[in-house]
Each structure stands twice: as structure tokens, then as C-alpha cells.
1. Once each part is reduced to its C-alpha centroid, what is the distance from the range 83-107 to the range 157-233 in angstrom?
2. Taking a ≥ b ≥ c as the square roots of the Cα gyration tensor eigenvalues, with a/c under 1.5 meaning rounded and otherwise prolate when a/b beats b/c, else oblate, which class fits the range 1-93?
3. Treating only the Cβ atoms of Lys and Arg (+1) and Asp and Glu (-1) as charged, compute the dipole magnitude of the chain about its Cα centre; round to the nearest 20 debye.
4. Where in the range 1-94 are there GluC sites (Glu not before Pro) that are in a DSSP coil and have at most 13 other Cβ atoms within 10 angstrom of their Cβ?
5. Using the Cα centre of the chain as origin and beta-carbon charges of +1 (Lys, Arg) and -1 (Asp, Glu), tell me which of 16, 54, 127 is placed farthest towards the positive end of the dipole.
6. Could you work out the relative contact order of the range 161-232, using alpha carbon pairs under 8 angstrom and six or more residues apart, expressed as a whole percent?
7. Within the range 80-155, report the GluC sites (Glu not before Pro) that DSSP leaves as loop and that have at most 12 other Cβ atoms within 10 Å.
8. Can you tell which of 217, 105, 154 lies farthest toward the positive end of the dipole of the range 90-233, using +1 and -1 charges on the Cβ of basic and acidic side chains (Lys, Arg; Asp, Glu)?
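Read the figures in this text as sums done on the coordinates, not as results from a lab. Predicted model, so just to flag it, every value in this text is computed and none were measured. Positions of Cβ are generated from backbone atoms using ideal geometry, with glycine treated the same way; all protein chains shown enter the neighbour counts.
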Amino acid sequence: MSVITIFPQMIEQYLASSVMGRATKRELLEVTVLDLRSFTDDPHRSIDDAPYGGGPGMLMMAEPMLRALSDPRVVAPVIGLSPIGKTFDQVDARALSSLAGFTLVCGRYEGFDARIEERCDRLLSIGDFVLAGGELAALVVIEATARLLEGVLGNETSAKDESFADDLLLEYPQYTRPREIDGAAVPEVLLSGDHGEVDRWRYAQRLVRTMQHRPDLIERRGGISEKEVEILH
Ligand code: ADE
């Protein structure tokens with residue numbers, strides 16, 4: 001994938017760290033970072049200008065970005081990061097992880113010249129809040145997508161067996177040693193060795209947690225089936 005930004009080091013430094021660093025080194029993940037300023041054609045290397053019609057702040061100019069977008073390293077689809085985009089979720093992360101590549105476009109300042117938005121195949125937001133720029137949003141999209149790629153996580157089942165996996169339910173609670181901390185004990189069923197019972201308990205926990213914390217997800221998946229109601233009893 002490729003990223004267009006005026007802060008290439010923000011993306012590069014992050015990609016050199018931790019899980020992403022290992023994935024890049026092992027060539028499971030290849031990210032090309034394009035510095036928007038290298039596509040400017042004036043001595044000041046300007047990338048922003050005041051909006052027509054007035055108003056506060058500066059806009060990201062269309063021309064350097066449109067030039068960057070015709071670079072051969074730019075792979076379709078082109079995805080602009082913007083608070084006006086569709087809210088990024090796990091379904092998007094899965095869809096992106098199955099693509100051969102894509103390009104993320106980071107804005108700064110008060111936003112993009114609208115002609116940049118028009119050139120994007122789609123716009124994604126990482127939530128209903130406004131960041132100072134698209135770089136953190138791009139990193140969120142990269143990490144959520146990259147961890148779904150084969151070999152990036154140590155344990156291949158961990159990306160499957162988790163919140164939002166396929167059924168829009170949150171993850172079940174998990175415990176490790178010790179068995180008890182100040183009276184807070186690990187649920188007996190997990191110590192029983194009965195895998196059928198453990199699976200049943202975990203599924204019930206996923207349902208309860210989702211109903212408690214994210215009723216919107218229950219609504220999105222069309223409620224709870226009769227069989228699930230049975231598991232809850
Ligand atoms: N740029 C600024 N705010 C953003 C957001 N919430 N999501 C994606 N890109 C952004």
C-alpha cells in the first residue's frame with residue numbers, strides 16, 4: 001500500500017515499531033510513503049492555501065496532491081482520510097486486507113480542496129471527532145488491516161477469535177494466573193476442563209457483554225436468535 005502525507009516520518013517511524021515493524025521486516029507488509037512536498041513546483045514547496053470565499057484556516061491545495069496521485073507508486077483504490085468519510089470498521093479492515101494494494105491520502109489543515117475529495121475512490125473517517133490531520137487515521141487503518149494479513153500476528157487464530165469477527169459480537173472475558181486476586185476468582189467453568197461447557201459459557205459472555213456495552217451491534221446483526229436465547233439460560 002502507499003501513503004501520501006506531508007509528515008512521512010510519522011508513518012515511517014510507526015511502521016518501524018512493534019508488530020508493524022516485524023511485518024515490514026519480514027516483507028509481509030509493504031508500505032510506500034510519498035512525501036507530498038516532493039510534488040510541489042514552487043520554491044516554498046507550498047501545499048496549503050486560503051479558501052476561496054473566505055473562512056478560517058488553510059486548505060490542502062489540489063495540484064500537488066493530484067500530481068502525487070498520478071505517481072506510478074499510487075495503487076487504486078485511493079482512500080482519503082477525512083471526518084466526512086464513512087466510519088471505518090472491522091468489515092472495512094477485512095475488505096482492505098484482501099486487496100492487492102490501496103493508497104491512503106492524509107490531509108492537514110482545515111481540510112482538502114474539494115477536487116482532492118472528488119479524485120478519491122472513497123473517504124474513510126476513524127470516528128466522529130476531528131484530528132489535526134489524517135496521519136493518525138491512516139495508521140489506524142494500516143494497523144487494523146495489516147494485522148489481518150497472513151503471518152503478521154503470531155497466532156493465526158487470534159485475528160479470527162475476537163470482537164466483531166464475523167457475528168458482530170464482542171470478545172468474551174479472559175483470565176490468566178493467578179486463580180484469585182483479593183477474592184476476585186477465575187470463573188469455575190474455565191477450570192473444569194470441559195471444552196463444550198467452556199465454549200458455551202464464552203458464547204453466552206459474548207452475548208451478554210454486547211447487550212450491555214454495544215446494544216447498537218445487537219441491532220445491526222438483527223437481534224438474538226432463539227438458539228442464542230437458549231445459551232443465555
Ligand atoms: N482527519 C481529521 N479527522 C479525521 C477523522 N476523524 N478520520 C479520518 N481522518 C481525519
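1. The distance from the Cα centre of the range 83-107 to that of the range 157-233 comes to 28 Å.
2. It is prolate, given that a/c is not under 1.5 and a/b is the larger ratio.
3. Working: 25 positive and 38 negative charges, 58 e Å.
Once rounded to the nearest 20, the dipole reads 280 debye.
4. 27, 30
5. Of 16, 54, 127, it is 16.
6. Values: 49 pairs, mean separation 25.0, N = 72.
After rounding, I find 35 percent.
7. Hits after loop and neighbour filter: 150.
8. 105
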